[in-house]
1. Can you tell me which residue is surrounded by the most Cβ atoms within 10 Å (Cβ to Cβ) among those in the stretch 39-71 that are within 15 Å of the chain's Cα centre (by Cα) and not in a helix (DSSP H, G or I)?
2. I'm checking my understanding of the structure. Among residues of the stretch 1-17 that are touching a helix residue (DSSP H, G or I) at 6+ places or on another chain (Cβ under 9 Å) and loosely packed, with under 13 Cβ neighbours inside 10 Å, which one is modelled with the lowest pLDDT?
3. State all residues of the stretch 18-38 that are buried (at least 17 other Cβ atoms within 10 Å of the Cβ) and either in contact (Cβ under 8 Å) with a residue 40 or more places away in the chain or on the phi < 0 side of the Ramachandran plot (or both); if no residue qualifies, say none.
4. When you scan the stretch 18-37, how many residues do you find that are closer than 23 Å to residue 5 by Cβ and either at pLDDT 95 or above or in a helix (DSSP H, G or I) (or both)?
5. Restricting to the stretch 81-91, name every residue that is in a helix (DSSP H, G or I), without any contact (Cβ under 8 Å) to a residue 24 or more places away in the chain and farther than 19 Å from residue 34 by Cα.
6. Determine, yes or no, whether residue 78 is in contact (Cβ under 8 Å) with a residue 60 or more places away in the chain and assigned to a helix (DSSP H, G or I).
7. Please work out if residue 35 is within 21 Å of residue 85 (Cβ to Cβ) and touching a helix residue (DSSP H, G or I) at 6+ places or on another chain (Cβ under 9 Å).
């Protein structure tokens with residue numbers, strides 16, 4: 001697995017820390033462990049699938065749905081990152 005430069009040099013998790021482990025857990029079929037490692041994994045997968053389907057089929061409201069999914073994923077990532085920082089007492 002790739003080492004996070006932020007974690008390695010600054011000793012602080014970045015907003016993407018845990019994504020690799022979460023994807024590996026998801027590929028192994030352990031959805032609960034994947035969620036605990038990085039809650040935004042499933043919304044990110046769904047966003048990618050929606051993007052590919054929209055590019056192929058050109059849905060009428062595909063762009064609006066994609067924007068909504070991007071915002072939803074960003075909110076989850078920001079919330080989880082804030083939670084990690086607060087519980088690890090970095091503030």
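The values are calculated or read from the model by the stated rules, or taken from the named source; none is laboratory data. Note that this is a predicted model, so its numbers are computed, not measured. Reconstructed Cβ throughout: ideal geometry from the backbone, glycine too, with neighbour counts over all protein chains shown.
1. Only one residue fits best here, namely 40.
2. Filtering first and then ranking leaves 1.
3. Quick first cut of the stretch 18-38, residues buried (at least 17 other Cβ atoms within 10 Å of the Cβ) only: 18-19, 22, 25-26, 34, 37-38.
Scanning the stretch 18-38 gives 19, 22, 25, 26, 34, 37, 38.
4. 8
5. In the first step, residues of the stretch 81-91 are kept if they are in a helix (DSSP H, G or I); the result is 81-87.
Applying the additional criterion that residues be without any contact (Cβ under 8 Å) to a residue 24 or more places away in the chain yields 82-83, 86-87.
Listed by number, the residues that qualify are 86, 87.
6. In short, yes.
7. Details: within 21 Å of residue 85 (Cβ to Cβ): yes; touching a helix residue (DSSP H, G or I) at 6+ places or on another chain (Cβ under 9 Å): yes.
Judged against the criteria, residue 35 is a match.
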